[in-house]
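Written below as C-alpha cells is the structure these notes are about.
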Amino acid sequence: MTERETTRLVAWSHELRQVHVRLRKALELTRTAVAEGRSADAATRDLMLFCHGFCAALDGHHRGEDDLLFPAIKAAHPQLAPVLRNLTQDHSMIAHLLGGLRAAVDRAAPVTEVDRHLEGVAAIMESHFRYEERQLLSVLETLSLDVPPEEVLGPL
C-alpha cells in the first residue's frame, strides 16, 4: 500500500471525528442562540437559522452514513452488523427528535420548550457519536471507500 493510500484510509477516521466536532459546535451555537434571544421575533429568526442549518447538517451526515458508509463497512466487516444496526436505529431516533425540534421552531414555541428539544437531541447525539467513534474509528482506518468524504459524512 502506498503512503497516499494509507493517508487516504486514515483520513476517514479523521474526517468522522472532524464532522462530529463541527456538529457539536453547531449544536452549541444553536443552544446559545436560544439562550441569548433578546426579543421573541429576533430569537425566532435566529433559532430558525441555527436550528434548520443544524438539523439539515446532522440529517445529511446520517443519511450519508446509512446509504454509503455503513454498507461499505458491513461488506468489509460483516461481524459489525449489530453495531451498524444500533447506529442506524440511533439515526432514526435522532431524525424523530429533529422533527420535533423543527416543529417547535416552526411554530415559534417558547424558548424553554425548544431548549428541551435541543437537550434531547444533544444527549442522544453525544451518546451516538461516542459509541460510533469507539466502534468504528479503527475500522475506518482500514476501509477502502472510493467516494468523496463530503458525500459520505457531510460538508467538510
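For the stretch 101-126, give me the residue count where each residue is assigned to a loop (DSSP other than H, G, I, E, B) and surrounded by fewer than 17 Cβ atoms within 10 Å (Cβ to Cβ). Steps first, answer last, please.
Step one: of the stretch 101-126, the residues assigned to a loop (DSSP other than H, G, I, E, B) are 107-110.
Checking which are surrounded by fewer than 17 Cβ atoms within 10 Å (Cβ to Cβ) leaves us with 107-108, 110.
Count: 3.
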**Study point:** Single residue of Phe129, Phe54 found to be buried (at least 20 other Cβ atoms within 10 Å of the Cβ), under 18 Å from the mean Cα position of the chain (by Cα) and of a type in the set (A, V, I, L, M, F, W, C)
**Key:** Phe54
**Study point:** Matching residues, the stretch 33-59, being of a type in the set (Asp, Glu), more than 17 Å from Thr112 (Cβ to Cβ) and modelled with pLDDT of 75 or more
**Key:** Asp59
**Study point:** The lone exception for Arg22 - which of (1) at pLDDT 85 or above; (2) surrounded by 15 or more Cβ atoms within 10 Å (Cβ to Cβ) it fails
**Key:** (1)
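Out of the stretch 123-152, which residues are of a type in the set (Asp, Glu) and under 19 Å from Arg85 (Cβ atoms)? Spell out the reasoning first.
Pass one, the stretch 123-152, residues of a type in the set (Asp, Glu): 126, 132-133, 141, 146, 150-151.
Of everything in the stretch 123-152, those that are of a type in the set (Asp, Glu) and under 19 Å from Arg85 (Cβ atoms) turn out to be Glu132, Glu133.
Specify which of the listed residues (Leu98, Leu80, Leu87) is among the aliphatic types (A, V, I, L, M), modelled with pLDDT under 90 and in a helix (DSSP H, G or I). Please lay out each step first, then the result.
On the way: Leu80 fails: modelled with pLDDT under 90; Leu87 fails: modelled with pLDDT under 90.
The conditions single out Leu98.
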Practice item. Scan the stretch 133-149 residue by residue and report those that are in a helix (DSSP H, G or I), charged (D, E, K, R) and surrounded by 14 or more Cβ atoms within 10 Å (Cβ to Cβ). Key: Glu133
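The values are calculated or read from the model by the stated rules, or taken from the named source; none is laboratory data. Treat the numbers as computed from the prediction; the structure is a model and nothing was measured. Cβ sites come from the backbone with ideal geometry, for glycine too, and all protein chains shown count toward neighbours.
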